[in-house]
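Values in this text are rule-based calculations from the coordinates and carry no lab data. Quick caveat: nothing in here was measured; it's all calculated off a predicted structure. Note that each Cβ is placed from the backbone with ideal geometry, even for glycine, and that neighbours are counted across all protein chains shown.
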Amino acid sequence: MPKVTETITWLNVPAEEDVPAEARELWDKPLEKLGFVPNVLRVMALRPQHLVTWWAYMQELMTGDSGLTRHSGR
């Protein structure tokens, strides 16, 4: 079956080979888990440094030392 490509935006989303390796590494985990790269990561690759910075920020928010726990203590 031929692969169907779909336009996700009017933006010229870069092809995988045009994305710097540092940003492309961030695509590996969702590609492995989901079988595709979510559009938000593809579009953010227009500004690879923004993607890398955003990812680092998200990781710090989700896993950084905050003094909070996952349990509410109820």
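If you scan the range 31-52, which residues turn out to be surrounded by fewer than 12 Cβ atoms within 10 Å (Cβ to Cβ) and part of a helix (DSSP H, G or I)? Before you say what the answer is, go through the steps one by one.
Here is the first cut: in the range 31-52, the ones surrounded by fewer than 12 Cβ atoms within 10 Å (Cβ to Cβ) are 32-36, 49.
Within the range 31-52, Glu32, Lys33, Leu34, Gln49 meet the criteria.
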State all residues of the range 11-30 that are crowded, with 16+ Cβ neighbours inside 10 Å and either assigned to a helix (DSSP H, G or I) or in contact with a His (Cβ under 9 Å, 6 or more places away or on another chain) (or both); if no residue qualifies, say none.
Ala23, Arg24, Leu26, Trp27
